[in-house]
Structure formats: C-alpha cells, structure tokens
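*Asks:* Questions regarding the structure given below will be posed in turn.
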Amino acid sequence: MKRTASLKFMAVAAGLALGVLVLFALSLLTGAAQLSPLEIFHALTGHDEISEAIALVIREIRLPRALLALLIGAALGLSGAALQGWLRNPLAEPGLIGVSGGAALGAVIALYFGLASHFAYAVPVCGIIGGFLAVAVVYFLTGRQGSPLTLILAGVAISAFSGALTSLALNMSPNPFAAMEIVFWLMGSLADRSMDHVALAAPFIVLGGGILFTLGRSLDAVTLGEDVAASLGINLQQTQFLLIAGTALSVGAATSVAGTIGFVGLIAPHVLRPFTDGRPSRLLLLAALGGACLLLAADIAVRVITPTHEMKLGVLTALMGAPFFLMLILKARQRMLQ
Amino acid sequence: MRVIMCKIFPAGLVRGLLTASLLILGGWPGVLAQETGGAASGRPPSLSLSPSRIVSLNLCTDQLLMMLVAPSRIAALSRFSRQPAMSVMARQASDLPITSGAAEEVFMLKPDLILAGTFTSRATLNLLRRKLKQKIIELAPAGSFADIAANIRRIGEAVHEPDQAARLIALMSQRLKAAGMKTTTPLPLAALYFANGYSSGRKTLVDTVVRKGGFETLGQRLDFFGTKKLSLETLILSRPDLLILGTQKYSGEALAYEIFRHPAMRHLKQRTTHIALAEALTLCGTPHTVRAVEQLRQFQKVFLSRQKATAMGSGNNDE
C-alpha cells in the first residue's frame with residue numbers, strides 16, 4: 001500500500017516535470033510573430049544561420065517570460081502548499097492572506113518614489129519587506145490555532161488595505177501613466193518582462209523556495225500534532241520563522257516583477273494533495289511543479305486568447321480560481337451536513 | 001553591412017543632429033504666436049457680439065485659440081496648456097488663467113463660449129450644456145492636415161476671426177508644400193514607438209506626419225489603425241530602418257518607460273538609427289505640426305544619402 005502510494009507520487013511528479021518542460025517549450029513558441037521550433041532552437045543554441053532579429057526576440061523577450069512564469073508559478077504553488085500545511089488551513093494562499101498585496105505595495109513604494117533609480121534591487125527588497133510585514137501581521141492576528149474564518153478575515157483586511165494604499169500611491173503620482181499601472185499591480189502580468197527582471201527576482205525566489213523545501217520534515221511532523229513534533233526534535237518557533245521568511249522572499253520577489261497573481265497557490269496544492277499520501281513534504285514538490293505548469297499555461301493562454309491586447313494574468317487565474325473556491329465551499333458544506 | 005553602417009553613420013551623430021533641430025524648434029512657436037496675437041489685437045473690437053470670455057477645456061483647442069484671439073478674450077485654458085512636454089505654446093499659456101475643467105469652476109468663469117475636445121469628460125459637458133446651450137463647440141482630434149485646417153476654420157468662425165483663421169491655414173499649406181514630397185521608392189521604413197509599447201497607425205496625425213516626411217510607416221506596412229499596443233517582438237521582426245521613439249518623460253516614475261530600458265530594445269537601438277520625437281508637435285494638430293514634417297524631411301534626406309554612401313562603401317569592400 002505504502003509502496004503504491006510512493007509510486008503514484010513519483011509518477012505524478014515525473015508527469016508534472018514533463019508538463020513543465022512541454023509548457024516551457026510551448027511558451028517559447030507563443031508570441032506575436034510566427035517562429036518555427038527549429039528557428040527557436042537555433043536562436044537558443046546560438047546557431048550562425050539565425051538572423052539577429054529572431055535571436056533577439058527569443059533570447060531577450062520570450063525566454064525571460066517563460067523563465068519568470070516557471071519561477072513565479074513554482075514560488076506561488078510552493079508557498080501555498082507550505083502555508084496550508086503549517087496553518088492546517090485549506091484556504092491559506094499567498095494572494096488570499098495578503099502576502100502578495102503587501103509585496104505589491106512595497107514594490108510600488110520603491111518604484112514610484114524613485115528608490116529604484118538609485119538601486120535596482122530596491123524593488124524586490126521592498127517587495128519582500130512588504131510581503132513579510134503582511135504575512136507577519138496576519139499570522140500574529142490569527143496564529144496557528146485560529147479558525148479558517150479568522151485567517152481569511154485578516155487576509156481580506158490586509159489585502160484591501162494594501163491594495164488601497166497601492167492605488168493611492170499611484171493615483172497621487174504626477175505621472176499620467178502611473179494611475180493606469182494600478183491594474184498591473186493588482187492583476188499581474190508577464191508582458192514585456194526582460195532578463196533584467198529575471199536577474200532581480202530569481203535569486204530571492206530560489207533562496208525563499210530553498211528555505212521552504214527544507215521545512216518538509218517539520219511539516220510532516222506537525223501533522224501528528226505539535227507535542228509529537230516537538231518530541232521529534234522539531235523547533236516549532238524556528239520552523240514558523242523560516243516559513244514566514246521563505247514565503248516573503250519567494251512571493252515578495254515574484255510580486256515585485258509580475259504584480260499580484262492570485263489563486264495559483266490555492267489551486268495547485270488542492271489538485272495535487274490526493275497524490276501525496278497525506279504528507280506535506282511531498283506536496284511541496286508537487287505544488288511547486290504544478291504551480292509552474294499552471295502559470296506557464298495561463299501565460300500562454302493570455303497570449304493566445306487576446307493576442308493584440310493581452311489580458312492580465314491575474315484575470316485568468318482568478319477566472320480559474322473562483323469556481324475552485326466555490327467548490328471548496330460546497331465541499332465544506334457537505335462535510336458539515338455529514 | 002550593419003557594422004559598416006554603424007561606423008559611417010554613428011547613432012551619436014544622428015542624435016546630435018536631431019537634438020539640434022529640436023532645440024531650434026523650441027524658439028519657433030513664439031514667432032507665429034506673436035504674429036497672430038498682434039493681428040487679432042490690432043483689430044478694433046467692432047464685433048460687439050464676438051465672444052470675449054472664452055474657456056477652452058482641451059489641450060488642442062487651447063493652442064488653436066491662443067493663435068486666433070487676443071489673450072484678453074481668453075477666460076481660461078486647460079491645465080495641460082502649460083506643460084512644455086505637451087503644448088508647443090506653453091510659454092504663452094503661462095500668462096493666462098487655467099481651469100481644472102470641473103463643471104462648477106467653468107460655471108463661475110461665466111464663459112460665453114466653451115471649446116472642448118471629443119475626449120472631454122461627457123459628464124462635465126452634459127452638465128454644462130444644460131445651462132449653456134449652443135455655446136459649446138466640440139472638436140475631434142485631427143488625423144490629417146485637412147482636419148487641422150477644418151478645426152482652425154471652425155474655431156475661427158466661432159470666435160469671429162475667420163480672416164485670422166484663413167491666414168493661419170494659408171501659411172500652413174504654404175509651408176507644407178515647401179517641405180515637398182519627392183517620392184523615392186522604396187521609402188525607408190519608420191517605426192513609431194511610445195511609452196508602454198504603444199504605436200500609432202493609420203489615420204493618426206503622427207502617422208500622417210511621418211509619411212509626409214518621406215517614410216513608409218509601420219502602420220502602413222502592418223495595416224493597423226489608430227494608436228494600439230505593438231509587441232516588442234513585432235517591432236523587432238519588422239526590421240525598421242528608423243526608430244522614432246516617443247521618450248518624452250513626464251515628472252514621476254512609471255513602468256511605462258521600462259519598455260525603453262528593455263535589453264531587446266537596447267540591442268535594437270544599437271543597430272538601428274533612432275531619433276526622439278517632440279511629442280508636443282504631433283499630440284495636437286496645429287500649424288506647428290508642419291514643423292515636424294519639415295524636420296523629418298530634412299532628416300530623411302540625410303538618412304538616404306548616408307544609406308547610399310554605405311551601400312557604395314560595402315560594394316567597394318566586396319570587390
């Protein structure tokens with residue numbers, strides 16, 4: 001029984017990894033200009049026969065976009081899985097509990113008040129600080145013992161507050177474009193992102209993700225109860241700090257280059273939980289891969305569905321996420337009736 | 001070929017050339033305005049029914065109004081009229097009163113004529129129309145020089161200055177003719193690219209200006225209308241001969257400008273001749289818009305002769 005569960009987990013993980021590869025390749029193939037797979041391959045491998053213009057399009061426009069979708073999707077899925085495991089709350093998700101909102105506010109402050117023109121890394125750093133503050137506030141308002149309801153209430157409050165301040169900061173800007181950019185920060189997008197953005201966000205996403213992956217054993221132990229976990233040598237206080245830091249680092253950096261992208265951290269862990277044999281450590285890997293698949297697919301879809309006027313990524317993830325949310329509610333109601 | 005072109009025709013030189021001509025432009029508007037202002041104020045105020053408390057709520061009507069009537073007849077202009085980045089007549093506007101355009105503020109000015117653009121807030125205009133019927137004139141943005149002439153004529157009639165309007169139009173078409181249009185085929189391809197990755201296609205004023213300046217535009221090549229978002233990859237793969245960038249910055253930061261710092265854009269700029277567009281000239285259709293055609297025409301001549309020299313240079317290298 002245990003063996004088949006492990007096999008099932010490994011098969012799903014391999015399938016998702018393959019999915020990430022395929023979607024990554026599809027993402028490179030998707031764009032305003034029709035380019036053949038061979039041209040793309042040549043552009044990536046630095047083949048002589050490829051024209052400079054095509055090489056530029058692939059290497060500097062499509063590659064960073066695919067890389068960011070992969071990294072950000074993984075960060076969102078992973079942090080969603082970690083938060084849900086630790087808080088034992090199925091609704092814990094970076095977007096819903098306000099981490100993304102806080103991070104967007106931090107990034108907006110760094111960008112529009114001119115910090116970024118002195119120091120490029122001010123944007124992800126402020127995004128991380130904003131995310132950290134938001135998750136810390138929500139966490140200390142509700143704690144691990146809090147009900148799902150209080151967590152969501154605190155998250156909604158923090159999200160609304162940070163969203164309002166983000167809009168306010170952009171509305172007050174003397175620049176006529178700033179107000180239009182509220183949509184980007186609240187709905188997220190990967191359009192026209194570059195290798196510069198990969199360089200800004202990737203180190204923090206990898207660091208934060210790495211921290212979250214180390215928590216697998218602690219999260220597994222916590223499912224047995226806090227006393228058992230403590231007797232197994234798990235330092236709960238430390239785990240708690242690492243969880244907040246890892247989430248803030250990965251989601252904060254992701255949000256500071258792509259805006260707020262909701263629901264990925266909710267959908268990916270839920271869909272993949274049945275294949276983990278109830279072990280959060282396994283869910284971490286699956287949710288990271290699943291989140292990457294989801295965001296890569298969503299980012300391909302926005303380019304295919306609305307090629308001339310790209311819709312925002314957050315619009316699509318919300319369209320996918322809202323029905324999912326309703327399904328969770330129906331499930332919860334059924335459980336109550338039983 | 002590209003490498004050689006870079007050597008013969010360094011981007012720095014081009015930029016220098018254009019900056020110089022743009023600087024010249026800065027002093028130009030004053031000349032025309034003084035002429036016009038003088039003409040309007042020199043006439044005795046015989047037309048007692050002429051509107052004398054005119055309010056303009058739109059950047060474009062602001063500028064046309066200043067050219068047509070004496071400053072004393074202007075009750076208020078829009079606040080954008082003072083922005084040098086948007087208005088070629090910012091200096092003259094700085095001496096005139098401005099209004100935020102809110103309905104109650106306009107009421108208090110007791111205007112006898114209101115000029116507005118078709119983009120002026122509907123709600124405001126409806127509110128004003130209820131009280132001030134037949135005194136509101138709405139102007140659609142100009143997409144061609146014929147449109148500019150029509151707009152000037154319309155305001156000229158409304159403010160009872162038809163002669164001054166005719167003079168402005170005559171001056172404009174004379175200069176436009178002088179700029180000349182000697183067609184060489186194929187024309188070099190010019191791509192317009194603005195903040196946020198927007199480009200202007202057919203039926204826009206700036207497209208008309210660039211075509212009259214002797215270039216094929218991306219709007220023609222890709223056959224798109226109006227101002228729309230153009231992806232960076234479409235821009236790169238269209239392989240333009242000339243990039244016309246609207247890099248005009250307003251105060252304050254915005255993500256909109258990130259497109260100009262994009263590594264792909266930096267590469268494209270390295271190997272393509274690029275110039276900055278003085279957006280104030282083409283934002284509104286005024287007689288000053290001709291100046292943009294004249295500049296581009298001059299630039300096109302230099303550009304073509306350099307290109308010819310490059311072609312000959314590379315031909316020699318092949319031998």
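The values are calculated or read from the model by the stated rules, or taken from the named source; none is laboratory data. This is a predicted model, so every value here is computed, not measured. So basically every Cβ, Gly included, is an ideal-geometry build from the backbone, and we count neighbours across all protein chains shown.
*Asks:* Tell me the residue from A:Glu93, A:Glu49 that is surrounded by 24 or more Cβ atoms within 10 Å (Cβ to Cβ), modelled with pLDDT under 95, of a type in the set (Asp, Glu) and assigned to a loop (DSSP other than H, G, I, E, B), please. First the steps, then the outcome.
*Replies:* Details: A:Glu49 fails: surrounded by 24 or more Cβ atoms within 10 Å (Cβ to Cβ).
Of the residues listed, the single one that is surrounded by 24 or more Cβ atoms within 10 Å (Cβ to Cβ), modelled with pLDDT under 95, of a type in the set (Asp, Glu) and assigned to a loop (DSSP other than H, G, I, E, B) is A:Glu93.
*Asks:* In addition: In region A:147-200, what residues are in contact with a Ser or Thr (Cβ under 6 Å, 6 or more places away or on another chain), assigned to a helix (DSSP H, G or I) and within 12 Å of chain B (Cβ to nearest Cβ)?
*Replies:* Of everything in region A:147-200, those that are in contact with a Ser or Thr (Cβ under 6 Å, 6 or more places away or on another chain), assigned to a helix (DSSP H, G or I) and within 12 Å of chain B (Cβ to nearest Cβ) turn out to be A:Ile182, A:Trp185.
*Asks:* Might you let me know whether region B:224-234 holds any residue that is free of Cβ contacts under 8 Å to residues at least 24 places away in the same chain, in the same structural domain as B:Ala191 (by TED's automatic domain parsing), hydroxyl-bearing (Ser, Thr, Tyr) and surrounded by fewer than 24 Cβ atoms within 10 Å (Cβ to Cβ)?
*Replies:* Yes, because at least one residue in region B:224-234 is free of Cβ contacts under 8 Å to residues at least 24 places away in the same chain, in the same structural domain as B:Ala191 (by TED's automatic domain parsing), hydroxyl-bearing (Ser, Thr, Tyr) and surrounded by fewer than 24 Cβ atoms within 10 Å (Cβ to Cβ).
*Asks:* Condition test on B:Ala254, is it modelled with pLDDT under 90 and more than 30 Å from A:Val108 (Cα to Cα)? Show your work before the answer.
*Replies:* Working: modelled with pLDDT under 90: yes; more than 30 Å from A:Val108 (Cα to Cα): no.
For B:Ala254, the condition - modelled with pLDDT under 90 and more than 30 Å from A:Val108 (Cα to Cα) - is not met.
*Asks:* A further question on this structure: Which residues, taken from region B:107-128, are of a type in the set (Val, Ile, Thr), within 25 Å of B:His160 (Cα to Cα) and at pLDDT below 90?
*Replies:* B:Thr118, B:Thr120
*Asks:* Check A:Ile261, A:Ile267 and return the single one that is at pLDDT 90 or above, under 22 Å from A:Val99 (Cα atoms), assigned to a loop (DSSP other than H, G, I, E, B) and not polar (S, T, N, Q).
*Replies:* Going through A:Ile261, A:Ile267 in turn, the sole match is A:Ile261.
*Asks:* Of the residues that sit in region B:214-231 and are part of a strand (DSSP E or B) and touching a Phe, Trp or Tyr at 6+ places or on another chain (Cβ under 9 Å), which one is nearest to B:Ala178 (Cα to Cα)? Break it down stepwise before answering.
*Replies:* Of region B:214-231, the ones part of a strand (DSSP E or B) are B:216-217, B:225, B:227-229.
Cutting the leftovers down to touching a Phe, Trp or Tyr at 6+ places or on another chain (Cβ under 9 Å) gives us B:227-229.
Working: B:Thr227: 29, B:Lys228: 32, B:Lys229: 34 Å.
Checked region B:214-231; the qualifying residue nearest to B:Ala178 (Cα to Cα) is B:Thr227.
*Asks:* Within region A:109-141, which residues are aliphatic (A, V, I, L, M), within 14 Å of another protein chain (Cβ to nearest Cβ) and over 19 Å from A:Ile205 (Cβ atoms)?
*Replies:* Of everything in region A:109-141, those that are aliphatic (A, V, I, L, M), within 14 Å of another protein chain (Cβ to nearest Cβ) and over 19 Å from A:Ile205 (Cβ atoms) turn out to be A:Ile109, A:Leu115.
*Asks:* Could I ask something else about it? For residues in region A:254-300 being aliphatic (A, V, I, L, M) and over 24 Å from A:Pro124 (Cβ atoms), which is surrounded by the most Cβ atoms within 10 Å (Cβ to Cβ)?
*Replies:* Among them, the one singled out is A:Leu283.
*Asks:* Among A:Arg193, A:Arg217, which is the only one that is closer than 19 Å to B:Ala254 by Cα and among the basic types (Lys, Arg)?
*Replies:* Being closer than 19 Å to B:Ala254 by Cα and among the basic types (Lys, Arg) holds for just one of A:Arg193, A:Arg217, which is A:Arg193.
*Asks:* On to the next question. Tally time: how many residues in region B:236-282 are charged (D, E, K, R), under 30 Å from A:Ser167 (Cβ atoms), more than 8 Å from chain A (Cβ to nearest Cβ) and assigned to a loop (DSSP other than H, G, I, E, B)?
*Replies:* 1
*Asks:* Do you know which of the residues in region A:303-336 that are in contact (Cβ under 8 Å) with a residue 40 or more places away in the chain and under 20 Å from B:Gly197 (Cα atoms) is surrounded by the most Cβ atoms within 10 Å (Cβ to Cβ)?
*Replies:* Across region A:303-336, the extreme among qualifying residues is A:Leu313.
*Asks:* Would a scan of region B:245-264 turn up a residue that is farther than 24 Å from A:Pro176 by Cβ, surrounded by fewer than 21 Cβ atoms within 10 Å (Cβ to Cβ) and within 23 Å of the chain's Cα centre (by Cα)?
*Replies:* Initially, region B:245-264 is screened for residues farther than 24 Å from A:Pro176 by Cβ, giving B:263-264.
Narrowing further to those that are surrounded by fewer than 21 Cβ atoms within 10 Å (Cβ to Cβ): B:263.
From the residues that got through so far, the ones that are within 23 Å of the chain's Cα centre (by Cα) too are none.
Looking through region B:245-264, none of the residues is farther than 24 Å from A:Pro176 by Cβ, surrounded by fewer than 21 Cβ atoms within 10 Å (Cβ to Cβ) and within 23 Å of the chain's Cα centre (by Cα).
*Asks:* Just checking, how many residues over region A:42-89 are more than 22 Å from B:Leu235 (Cβ to Cβ) and either within 12 Å of chain B (Cβ to nearest Cβ) or over 28 Å from the mean Cα position of the chain (by Cα) (or both)?
*Replies:* Number satisfying all stated conditions: 5.
*Asks:* Now for a separate question. Just one of the numbered conditions (1) buried (at least 20 other Cβ atoms within 10 Å of the Cβ); (2) within 24 Å of the chain's Cα centre (by Cα); (3) modelled with pLDDT of 90 or more is not true of A:Gly210; which one?
*Replies:* (1)
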